[in-house]
Amino acid sequence: MSTSPSAIPTLDLNDRVSAESLSAWVQSEARFPKPGDEYLGFSIEKELGRGAFGRVYLARQGDLAGRPVALKVACDVGGESRTLAQMQHTNIVPVYSFHRDGSLQAACMPYYGCTTLAVVIGSLRGRESLPSSGRELRSTLAQRGELTTPSAGSASSRIDSTLTPGVLPSLPPAPAVPLEHSSDGWARLEGLSFVEAVLCLAEQLADGLAHAHNRGILHRDLKPANVLLTDEGRPMLLDFNLAEDTKTRDGAERAAVGGTLPYMAPEQMRAFRDKAGALDGRCDIYALGVILFELLTGQHPFPVRRTLGRSVVAPMLADREKTPPSPRAINHSVPPAVDAIVRKCLAPDADDRYQRAEDLREDIERHLSNRPLRFAPNTSVRERAQKWVRRNPQLASSGTVGAGAAVLLACLGASFAYSWDQSQNARARALFADHRTDFANAQLFLDDRNQSRPRLDEADARLQAVLARYEVPEDTETWATRASVQRLSEADRVRLTGDVGETFYLMAQVAYLRAMGSDDPPARTENLDRAAKWNESAARFAGDRLPHAVREQRAAITDLRGSRAEAEAFRAEALKASLESARDLYLLGAVLTQQGRHREALPHLRKSTHLDPKNFSAWFVRGTVHLALDHDADAVACFTACLALRDDFAPAWRNRGLALARARAFKDARDDFTRAIALDPLPAEVYVQRATVCDLEGDLEAAETDLTRALDGGGAPVQIRLLRSSIRQRRNNPAGAQTDREEGLRLTPADELSWVARGTERLADDVKGALADAEEALKINPFSMTALQLKAHILGERLNKPDEAMAVLNRAVELHPDHVPTRAGRGVELARRGKRDEALKDAREALLRDTRPANLYQVGCIYALTAKSHHEDKKEALHLLWSALKTGFGLDMVGTDTDLDPIRKDPEFTKMVAAARASLATKRD
């Protein structure tokens, strides 16, 4: 049940089983259920992941009150069902039931989330320093939105809030695991150092392996992607598809092995290479040692060789037959005893390893309880003495000990006090490092400018979590007197205070955007009050860090309240404030961008990136501004700068791909979308964007393939099916196109773009339904330009409600003042009504922002309409229309466009159109 799409692939190395599994897979591929299907009594909601043998889905079990479950559907050639049925342990994912569907089998399991240790290890790679606190494990999940609060007496679940609490039963207790190690999950892990927290997890996994081994079951594919980390902090073994039941197979059969090469023990590699050789539980202990090494250091213990297959076994074996590497050499916070535990797990000779998983568990337990190890060598006298002092604090201070012992214990006590003080300093630094990570991630999240209500809710939650780490109140500064703050260096304390101020500033901006997007007066007032309160907190905490941005934000909040004079006074005050810091310039540019004032934002962002060329966020926001202003080449340059600073940020690849696509550099755009997918394969919209580029290139087959991948990956089914319907129609597949269209219209959309897509599709035969769809899209994202344009079009062009259409256009221009097509469209509507002065004001503003043919044509229509009452406007209309038509734009519309009727019979117009057509014909020849 591996759920990590980026995990190193599992190799099924048994030739006979591989042939059977491949045949079954090919025959069964089309039979796998898809999201939305009813399958064996389960409602399939979405696909969680894929492994070598099947797929895992989030589903609801219909005959048990629709409880959420994880449903693994696979070709059961490995007998995983028989294997799992023999085990019941706290740290092994249990099975509720098994179901058969021809060559496929479905295993129904409780749903505990889909975050694995691969996620945790991935977060450690590339860090300048490794964490010092067990909080890192939880913060990793919180940053990804993976963590929820479990219901009392139930397994935690990341299912939506409409589910009945407590529907998942607690796992059965495992008596072999000490109660304190299994019952309080995160509470215990957060109170430990990072190394101790890792050992706590490893202890539980060793106990799970012992349970399996005692029943004759070898896992044989233990790796980070096959260890689920539940929302309550419990590690659980997954995916026993390649497991071996030593009770039921003879020696010849046991020689057929499988697994994942980077986590194989040397004897398992040799068995693969030679197709012979019996294995035992010590190969699983070796794999657990590799995982331990990765968690403790953020690195794989051996050179990573990307090629898979028998050709790579020889160099990998040579790597692993040497003396095991030392995790302590990489992470100096790893104690000698822990170093000895890991290196014993990684011993090349199986006889030198822990002989049983119980032995490994006992050594870990002994270290965590400050006792000497039993099976691995205890080489550090100092460490053993420190453990003795921690175990015997009363004896260490007793007057009954001899003078020599007292002196020794006094020295040890002083050493321990120093170590304790240093550990507290280290914890404070670790807490601050976690804070900086959370804060940076919240900034990056806000930089990606989706202003839908769910997105704003998540942004607010991330920012609240940043403040919660230091329990920052809104109205006092008492938090700064806590030891966790006072133990920081002065520079870090100043930085932390500034971060707190900026966090309040960002929270105020989220509340402002909520108010700006609300049509409900009480809700708007409530959000503006909240924005004003947090803006005051930002001014208090940020001090001189954000003088201009905070004042400009206060002016915007006051302006939205309707107090224009007061707002102007605040803006005048803001102008007096220093605007020197790169951070202040960036945030001022960001707030103007979120208000749709891209042209005003751009100079500030340019100066910010000039002053601080390493400010990733400033480059990213500047790139989005260039995108909004159709400055495609500048957008490409900005996102390239982002990637030079951080090439693992998928949205930067995606946004550069968008800019390249608009510049018609389709191959480069496809490459960027491919990189974005490789970094983060979950967002289905990137597949949709790459499909659009494929369509523009004429590669309809690739476009259809990407849309299918997006659909299979849990993407918006309505939007994707309607897009795929168009592709299939052009690929001469009318039946498939019709099926997609009917399904797309039948399903209820769940996201903004799907509502817009369905509304657009319904325009032809269900205008009122199309309008309802546009309004649903605006409920999700009140800033949605596509939804506003669709609604205005329907009201003005289809339902003949010009006043309502104008109200929508006014709202669109208010929210997006730099969006040229909307402003020019409003100008056309005003000109139709005879409101010349207002129409020409929009025309002039549109021309200031964009002089490309499409805009020239639309503004030319404005002047053509006003020429009906003011003949002098005809000259400007003809000039603008000629500038557009001579490029070829508009020649397909000019003959029927009713907005041109006021000048249609004019000889100059007729001559101009003829000349444009002749010019285009000459170019074609």
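For each of Trp619, Trp479, count neighbouring Cβ atoms within 10 Å of the residue's Cβ, then give the residues from fewest to most.
Least crowded to most crowded, the residues run Trp479, Trp619.
Over 18 Å between Cα atoms, which of Lys768/Lys791; Lys768/Lys801; Lys874/Lys923; Lys34/Lys72; Lys875/Lys911 qualify?
Pairs exceeding 18 Å: Lys874/Lys923.
Once phi is turned into ³J(HN,Hα) by the Karplus curve 6.51 cos²θ - 1.76 cosθ + 1.60 with θ = phi - 60°, what whole-Hz value does each residue of region 710-715 show in order, with x for glycine and proline?
4, 5, 5, x, x, x
Between Thr898 and Glu838, what FRET efficiency follows from the Cβ-Cβ distance if R0 is 30 Å, with the result rounded to 0.05?
Efficiency computed from Cβ-Cβ geometry: 0.90.
Where in region 318-337 does the label zone of Asn370 land, with the point 7 angstrom along Cα→C-beta and an amide N cut-off under 15 Å?
No residues fall inside that zone.
Compute the FRET efficiency between Arg215 and Asp351 as 1/(1 + (r/R0)^6), taking r as their Cβ-Cβ distance and R0 = 25 Å, and round to the nearest 0.05.
The pair Arg215/Asp351 has a calculated efficiency of 0.60.
With θ set to phi - 60°, apply the Karplus curve 6.51 cos²θ - 1.76 cosθ + 1.60 along region 803-817 and write out the HN-Hα couplings as whole Hz, x wherever there is a Gly or Pro.
5, 5, 4, 5, 4, 5, 5, 4, 5, 5, 5, 4, 7, 9, x
Just grab the label-to-label distance for Trp479 and Lys886, each label 7 Å out from Cα along the Cβ direction, in nm (one decimal).
Simple spin-label model gives 6.2 nm for this pair.
Full extension from Val304 to Gln738: what is 0.36 nm times the residue separation minus their Cα-Cα distance, to one decimal in nm?
Separation in residues times 0.36 nm, less the Cα-Cα distance, equals 151.4 nm.
List every residue whose amide H lies under 5 Å from the amide H of Ser133, counting only residues 5 or more places away in sequence or on a different chain, with H placed 1.01 Å from N in the peptide plane.
Placed amide hydrogens put Phe194 under 5 Å from Ser133.
Rounded if a/c is under 1.5, else prolate if a/b beats b/c, else oblate: with a ≥ b ≥ c from the C-alpha gyration tensor eigenvalues square-rooted, which is region 674-793?
oblate
Which shape class applies to region 642-692: rounded if a/c is under 1.5, otherwise prolate when a/b exceeds b/c and oblate if not, where a ≥ b ≥ c are the square roots of the Cα gyration tensor eigenvalues?
Note, shape of region 642-692 comes out oblate.
For region 723-795, what does the equivalent ellipsoid look like in terms of its semi-axes, each the square root of 5 times an eigenvalue of the Cα gyration tensor, given largest first in whole Å?
24, 12, 10
Go ahead and collect, in residue order, the members of region 627-652 whose backbone nitrogen is under 12 Å from a label point 7 Å along the Cα-Cβ direction of Ala663.
Flagged as within label range: 627, 631-641.
Starting from the Cα of Lys247, draw a straight line to each of the lysines and keep only those under 21 Å, dropping any in the same chain fewer than 8 residues away.
Lys275
With N set to the residue count of region 422-578, report its C-alpha Rg divided by 2.2 N^0.38 Å to two decimal places.
Dividing the Cα radius of gyration by 2.2 N^0.38 Å gives 1.10.
Measure off 7 Å from each Cα along the Cα-to-Cβ vector at Ala572 and Ala915, then give the distance between these two points in nanometres to one decimal.
5.2 nm
To check my understanding: the extent here is largest minus smallest coordinate of the Cα atoms along each principal axis. What are those three numbers for region 312-374, in Å, largest first?
Reported extents, whole Å, longest axis first: 41, 28, 14.
Could you run the Karplus curve 6.51 cos²θ - 1.76 cosθ + 1.60 with θ = phi - 60° over region 789-796 and give me ³J(HN,Hα) per residue in whole Hz, x for Gly and Pro?
5, 5, 5, 4, 4, 5, 5, x
Under 5 Å between amide hydrogens, which residues at least 5 positions from Ser97 or on another chain qualify, with H placed 1.01 Å from N in the peptide plane?
It is Cys108, by chain and number.
Read-outs: derived from the displayed coordinates by stated rules, not from any lab. Bear in mind that the values here come from a model prediction, so they are computed numbers and not experimental data. Neighbour counts run over all protein chains shown; Cβ positions are idealised from the backbone, glycine included.
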